[in-house]
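Single-structure report; data block below.
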Amino acid sequence: MTGQNQTSQTIQTGQTSRTARSRCLPLALLGCGLAAAIAAEPLLAPDDTLHTREAAEGMIRAASTSLAPVYAPLAEQIVRDFQLAEMTGIGIDLGSGPGSLIIELCKRTRLHWINADINPHFFPHFYKMAEAAGVGHRVSAVFADAQALPFRDHYADVIVSRGSFWLWEDPARAFAEIYRVLKPGGLAYIGRGFPTTLPLEVARRIREGQESGATQTQSGIAPANPTTQKRAKSAKASKGMKYDIKQTEADLRAALSAAGIADFRIHTPKVAGADDINYGIWVEFRKPR
Ligand SMILES: C[S@@+](CC[C@H](N)C(=O)[O-])C[C@H]1O[C@@H](n2cnc3c(N)ncnc32)[C@H](O)[C@@H]1O
């Protein structure tokens, strides 16, 4: 673990205003060369050409069919592991999309939950689902790019995210933003995959669907950045949706370290008899009080 000084120094960078950031960017690009030059700027307003209604509709279909069994046990696990049941305050689900995880978290906590997603086409469906579940008064939805969160410092008690970080163009910047927005003592739980309580046959069925391309096509979600897109395409071509856990862990460690977050835990859920099934990867950290 790196010392507190380094952590707070880097987080200070995360607190820099957007104006200051955009003024610094040309200098940063000159200094950092081509690799930085291809990293896209965060979106500050919805872009319908990148994040389409069709993509939202595809993901809504996936969340209500093949992925539907994932959200309740995942919410159950998050609430139990981090003792959220009696907590009040603000929860954010970053890249919540259809918002199925939020609905399940609302049923099990007293927090107000915000769906912060780069694609606002999800929001009418999300509000309808929340109303139907009787939690409409405890949710909000906000356009948000993970790399420039539209929340003030120290705003949220909890930030969760499932299945979104692999789409973030600059994960280090996104993690610095998450850290900035967390309250002191606040929790982040960011990852992709399943809860360990998801029955093996259900996990297998979902993974088989993804490998055959069904869920991916159904979800219509693809990385916006050409570099990320290329990476995802080649990974898909060679291994379907089977991403390399070790490589993902290394990427996550590098992004967290670049964000100045030194104290974190990475979980790669292991389930008895599921050696051939990827249950995913999650990172957990807290902002010190
Ligand atoms: C595969 S979907 C997962 C949706 C939801 N979390 C779930 O598990 O059902 C990925 C989500 O991340 C969102 N997303 C992608 N890039 C994002 C970014 N930079 N900032 C915020 N959300 C983003 C997409 O719009 C989409 O809703």
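Only the coordinates and a few stated rules stand behind these numbers; no lab work does. All values derive from a computational prediction rather than experimental measurement. No Cβ is skipped: glycine too gets one built from the backbone with ideal geometry, and neighbour counts run over all protein chains shown.
Numbers below:
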quantity: Pairs with Cβ under 8 Å, 6+ apart, first in the stretch 51-64 and farther than 18 Å from R162 by Cβ and outside any helix (DSSP H, G or I), second of a type in the set (S, T, N, Q) and within 10 Å of the ligand (Cβ to nearest atom); calculated: T52/N119
quantity: Residue in the stretch 198-207 that is farther than 17 Å from E104 by Cβ, in a helix (DSSP H, G or I) and within 15 Å of the ligand (Cβ to nearest atom) present; calculated: yes
quantity: Pick from the stretch 118-164, criterion within 22 Å of K107 (Cα to Cα) and in contact with a Pro (Cβ under 8 Å, 6 or more places away or on another chain), ranking: surrounded by the fewest Cβ atoms within 10 Å (Cβ to Cβ); calculated: V142
quantity: Condition check for D93: touching a helix residue (DSSP H, G or I) at 6+ places or on another chain (Cβ under 9 Å) and within 14 Å of M59 (Cβ to Cβ); calculated: yes
quantity: Subset of the stretch 50-100 (residues that are among the acidic types (D, E), within 17 Å of F122 (Cβ to Cβ) and surrounded by fewer than 16 Cβ atoms within 10 Å (Cβ to Cβ)); calculated: E54
quantity: Boolean, G91 is within 17 Å of F143 (Cα to Cα) and either among the hydroxyl-bearing types (S, T, Y) or within 11 Å of the ligand (Cβ to nearest atom) (or both); calculated: no
quantity: For V181: the one exception among (1) away from the ligand (no atom under 16 Å from the Cβ); (2) in contact (Cβ under 8 Å) with a residue 40 or more places away in the chain; (3) not charged (D, E, K, R); calculated: (1)
quantity: Pair list, Cβ < 9 Å and 6+ apart or interchain, from the stretch 144-171 residues that are in a loop (DSSP other than H, G, I, E, B) to residues that are among the hydroxyl-bearing types (S, T, Y); calculated: A146/S161; A146/S164; L149/Y155; G163/S219; S164/S96; W168/T228; E169/T227; E169/T228
quantity: Residues located in the stretch 42-74, provided they are more than 12 Å from the ligand (Cβ to nearest atom) and of a type in the set (S, T, N, Q); calculated: T49
quantity: Which listed residue is more than 7 Å from the ligand (Cβ to nearest atom) and in contact (Cβ under 8 Å) with a residue 40 or more places away in the chain, from Q83, Q77; calculated: Q77
quantity: Residue count, the stretch 65-107 (criterion: over 21 Å from H154 (Cα atoms) and either among the charged types (D, E, K, R) or in a strand (DSSP E or B) (or both)); calculated: 5
